[in-house]
Amino acid sequence: MSNSSQHPARAKRVKLSGRDFAFQVFIYVVAALMILAIIYPLWFIIIASFSNPSDVANGRVWLWPEHLDLKGYQALFKQTIIWRSYGNTILYTALGTLFGLAVNIPAGYALSRQDLVGRKWINALYVIPMFISGGLVPIYLTVKGVGLLNSFWVMIIPFAVSPYNIIVARTFFQSSIPDSLWEAAQLDGASTFKYFFKIVLPLSKAVMAVLGLWTAVGIWNQWFNALIYLQNENLQPLQLILRRILITNQQVAGNTTGQLAAELQQLSDMMKYASIVISTLPIMCVYPFLQKYFNQGVMLGSVKG
Amino acid sequence: MNVQEAPLPEAAAARRKRQRRRDLKKSLPLYVLLLPSAVLLLVFAYIPMYGLVMAFQNYSPALGVFHSPWVGFQNFMQFFRSYQFPITLKNTLVISVYSLLVNTPLPVALAILTNQMRRVGFKKVFQVISYLPHFISTMVMCGMILIFLSPQSGMIANLFHLFGAKLPDIMSDAGAFAHVYVWTDVWQNLGWNSIIYIAALSAIDPTYYEAATMDGATAWQKIRAIDIPMIMPTVMIILIMSVGNLLNVGFEKVLLLQNPLNLQGSEIISTYVYKIGLQNFQYSLSTAIGLFNTVINVILLLGVNWISKKTTDTSLF
């Protein structure tokens with residue numbers, strides 16, 4: 001340690017030896033480079049989406065939008081399918097999250113109770129599916145068998161149970177809600193249901209927020225289930241429609257008589273930028289405010305079950 | 001019930017039975033709370049698990065699982081003998097092991113780095129930004145990769161152009177696929193994956209650091225002697241879980257980034273299962289390949305868990 005720590009007045013600020021100071025500088029340089037590496041691509045998407053297509057294609061867009069242009073957004077918003085799928089996604093996310101919580105939270109609570117008869121076996125039944133799955137085809141045939149193929153509910157019901165979320169909820173109830181509370185409630189003549197709904201749930205907002213957020217993000221980003229179970233375009237979620245624009249390059253633009261191939265290519269690129277912005281911006285704006293719940297979630301999840 | 005309270009065996013048995021009935025009755029509302037999830041699990045997890053028998057059948061939709069003819073291990077043999085077997089197995093292993101080797105140490109390093117930041121405000125902002133890409137959906141992420149790497153008009157091509165170089169068509173290069181997959185994953189999830197280690201680091205008793213400072217340890221020495229040993233158990237747990245999922249490489253991302261030109265380096269077992277099963281409708285073959293994948297995963301999980309238990313005393317079960 002340097003001598004400076006012997007001067008009480010300066011100790012607080014200058015406590016670093018030469019080597020430790022160099023280390024601090026190194027840390028901030030690395031951190032600054034990482035911030036740049038994360039932010040710039042995202043920033044580029046935004047400015048490109050507002051720029052003139054040929055400026056973007058020819059590399060004249062670097063820090064600010066060039067020749068403000070909304071062609072990408074115009075082409076995108078002309079597609080009614082974008083709006084419809086956006087609505088579908090919001091509906092799936094809202095209903096799916098509610099349904100997921102309604103199914104997983106009570107299960108987590110029941111499994112947390114030591115006096116549940118057969119607890120060990122029931123626990124095992126919930127954990128096994130985390131490691132062994134029937135696989136793609138058997139699951140597909142089952143979903144088809146119960147008549148959920150091409151149904152709105154296929155995005156909400158079949159995959160609502162999450163053993164992992166149940167374990168996180170169980171761990172929360174075990175560690176954060178004291179057994180004495182249940183004993184006291186019993187003395188007051190409360191039933192299990194009354195205790196669960198009136199006392200446990202109001203005390204469990206943290207775990208509900210965390211699991212709700214995980215579920216919501218999962219459903220918002222879901223596309224593969226829609227790809228295999230929903231052929232009906234009107235039911236497809238936004239992410240699956242994005243696939244046409246971003247990945248398979250199907251011309252959603254349509255009605256392009258008289259346009260040059262190069263222009264078409266540029267327009268399709270602009271639609272890509274615009275579609276990334278409209279699908280991702282809402283989450284990016286909300287996320288910093290919800291970050292603390294996600295952090296809590298990682299902590300909750302890290303408690304060994 | 002206490003043992004010494006049971007002079008008459010019949011009376012004790014009767015009491016136990018009564019007690020048991022009381023316990024069961026008390027558990028009844030708990031079963032009701034379990035019911036919805038249990039029913040869904042039964043239908044959408046356990047019934048498909050029974051469907052795994054298709055792997056040993058020559059399944060025909062007309063006959064169903066109960067009446068299709070049994071063929072033993074024929075489907076497995078068909079997969080092992082096919083020219084796709086070595087390709088998909090190799091790609092799966094290359095991508096997943098590569099990913100494991102990169103994604104295990106880097107988040108630990110980032111967590112240690114973050115933990116060393118003395119300016120609280122900067123640290124907060126840095127964390128918010130480094131977690132940000134995690135919230136981009138797989139679909140949008142793959143879209144971004146394709147746009148940025150586009151050899152004609154992508155941002156990176158333009159950057160190359162600025163220096164008079166020409167960007168090769170990376171997405172058409174089978175050999176580059178694993179690199180693209182792994183390093184874009186680092187971009188997206190490095191910050192997020194470090195959260196758990198940051199939490200583990202913040203739980204370390206500060207008196208260790210004070211004692212080390214007294215002894216004149218440098219920041220680097222403290223990291224080596226305190227930070228790293230203290231988060232090793234967390235690292236091991238995460239490692240075991242990742243190895244247990246080794247063959248479940250990000251299926252969605254690989255599928256979206258695949259194209260006919262890079263297939264030699266991008267066809268993995270799970271994407272092959274999808275194509276054989278739901279595009280070619282060879283149900284039994286697809287199920288057999290999927291089952292092979294699951295079995296390897298379970299063996300790997302148990303193996304790593306065992307090794308870790310023996311060597312570091314850390315284990316999942």
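Some notes on this structure:
- Each eigenvalue of the Cα gyration tensor of the protein assembly as shown, multiplied by 5 and square-rooted, gives one semi-axis; in descending order these are 43, 37, 25 Å.
- Rule-of-thumb Rg ratio for segment B:131-248 [Cα; 2.2 N^0.38 Å; N residues]: 1.52
- For segment A:36-88 versus segment B:32-76, the spacing of their alpha-carbon centroids is 47 Å.
- Partner chain coverage, peptide A:125-132 - average Cβ within 10 angstrom: 5
- Annotation note: chymotrypsin sites (Phe, Trp or Tyr not before Pro) in segment B:11-75 located in DSSP loop regions with a Cβ neighbour count of at most 15 within 10 Å are B:F73.
- Straight-distance candidates among the lysines for linking to A:K272, with alpha-carbon spacing under 20 Å and chain neighbours fewer than 8 residues away dropped: A:K71, A:K78, B:K253.
- Modelled spin labels at A:K194 and A:M299, positioned 7 Å past Cα toward Cβ, are 3.4 nm from each other.
- Karplus 3J(HN,Hα) series, Hz, for segment A:23-28 with 6.51 cos²θ - 1.76 cosθ + 1.60 (x for Gly, Pro): 5, 4, 4, 4, 4, 5
- Take each residue in B:228-236, count the other chain C-beta atoms within 10 Å of its C-beta, and the mean is 0.
- A:F77-B:Y31 pseudo-label distance in nm [points 7 Å out on the Cα-to-Cβ vector]: 5.8
- Average projected area [Cα convex hull, segment B:189-317], square nanometres: 11.2
- Taking only the alpha carbons of segment A:86-128, we obtain Rg and Dmax values of 14.7, 46 Å in that order.
- Gain on full stretching of the segment that runs from B:Q221 to B:I296 - 0.36 nm per residue minus C-alpha separation: 23.0 nm
- Largest GNM mean-square fluctuation among B:V254, B:V140, B:V108, using chain B with Cα springs under 10 Å: B:V140.
- Rg/Rh (Cα only; Kirkwood hydrodynamic radius) as it applies to chain A: 1.10
- Estimated inter-spin distance, A:S54 and A:M208, nm [label 7 Å along Cα→Cβ]: 5.8
- For segment B:1-129, convex hull volume per residue from C-alpha positions, Å³: 380
- In sequence order, calculated HN-Hα J values of segment B:128-133 (Karplus, 6.51, -1.76, 1.60; Hz; x Gly/Pro): 4, 5, 6, 7, 3, x
- Comparing B:L113, B:L33, B:L246 in a Gaussian network model of chain B (Cα springs below 10 Å), the most mobile by mean-square fluctuation is B:L33.
- Sequence-distant lysines (8 or more away, or on other chains) whose Cα lies within less than 28 Å of B:K310: A:K120, A:K304, B:K222
- Report summary: the helix-based calculation at 222 nm, which adds -39500 (n - 2.57) for every DSSP H run with n ≥ 4 and divides by the residues of chain B, gives -21500 deg cm²/dmol.
- R0 of 45 Å, Cβ-Cβ distance B:R119-A:S151: FRET efficiency to nearest 0.05: 0.25
- Segment B:74-312: radius of gyration over Cα atoms, expressed as a fraction of 2.2 N^0.38 Å: 1.22
- Here, segment A:49-114 is characterised by an Rg to Rh ratio of 1.40, where Rg is the alpha-carbon radius of gyration and Rh the Kirkwood radius.
- Modelled FRET efficiency - R0 35 Å, A:I35 with B:T314, Cβ distances, 0.05 increments: 0.55
- Here the Karplus curve 6.51 cos²θ - 1.76 cosθ + 1.60, taken at θ = phi - 60°, turns the phi angles of segment B:12-24 into couplings of 5, 5, 5, 5, 4, 5, 4, 4, 4, 5, 4, 4, 4 Hz, with x standing for Gly and Pro.
- Note on B:K275 and B:A13: with the Förster distance fixed at 51 Å, the Cβ-Cβ geometry gives a FRET efficiency of about 0.25.
- Spatial offset of segment A:202-228 relative to segment A:97-125 amounts to 18 Å, using the alpha carbon center of each.
- Near B:Q57, the amide H atoms lying under 5 Å from its own belong to B:V71; only residues 5 or more places off or on other chains count, and H is placed 1.01 Å from N.
- Range in chain B, longest, excluding exposed trypsin sites (Lys or Arg not before Pro) [loop by DSSP; at most 14 other beta-carbon atoms within 10 Å]: B:167-317
- Here the peptides A:292-300, A:92-100 are ranked by packing, the mean other Cβ count within 10 Å, and the order with the highest first is A:92-100, A:292-300.
We did not get these values from a lab; they are worked out from the coordinates using the rules stated. All of these numbers come straight from a predicted model, not from anything done at the bench. So basically every Cβ, Gly included, is an ideal-geometry build from the backbone, and we count neighbours across all protein chains shown.
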